[in-house]
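Any read-out appearing in this document is the output of simple, stated calculations on the displayed coordinates, not a laboratory observation. Quick caveat: nothing in here was measured; it's all calculated off a predicted structure. Note that each Cβ is placed from the backbone with ideal geometry, even for glycine, and that neighbours are counted across all protein chains shown.
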Amino acid sequence: MNTSNRNLIIGGLAIALIIAILAPFLASTNPDGLDSTAESLEVPESEAAFQSPLPDYALPGMEDNPLGGVISLVVGTILVLLVALGLAKLISKKNNKENGNGQEE
């Protein structure tokens, strides 16, 4: 990975983490459009297909504490970055093999 790409990733991560840290404090307490529409139409809640590891962007037992939201958003941001970097690495290796290059760029 060259310096330009590394700086871009670090800068993007810094911005994403700042947003993740501030989001729980700036978020509206009003329900979003989908939730408010479901409430006004009295749509019954159904069972989720699978349980989220961090439901509603909060740690279990810390639903009303903004710190739980900050931790879950930071963990989620880092996990998404790691998955994206892993996929990029796999795709890069595949493209290098298809082009006949044994070296990474």
For the charge dipole of the chain, defined by +1 on Lys and Arg C-beta atoms and -1 on Asp and Glu C-beta atoms about the Cα centroid, which residue among G68, A23, A84 has the Cα displaced farthest towards the positive pole?
A84
On alpha-carbon atoms, Rg over Rh for the chain using Kirkwood Rh?
1.14
Spin-label point model (7 Å from Cα, Cβ direction): what's the I21 to V43 distance in nm?
3.7 nm
Computed label-point distance, nm, for sites I10 and L82 using a 7 Å Cα→Cβ extension:
2.1 nm
Reachable aspartates and glutamates from K89, criterion Cα separation under 12 angstrom, eight or more residues apart if same chain:
E104, E105
In nm, what is the difference between 0.36 nm times the number of residues separating S36 and S52 and their Cα-Cα distance?
3.6 nm
What's the angle, to the nearest 10 degrees (0 to 90), between helix 3-26's Cα axis and the longest principal axis of the chain?
10 degrees
Give, rounded to the nearest 20 debye, the magnitude of the charge dipole that the chain has about its Cα centre when Lys and Arg contribute +1 at Cβ and Asp and Glu contribute -1 at Cβ.
1000 debye
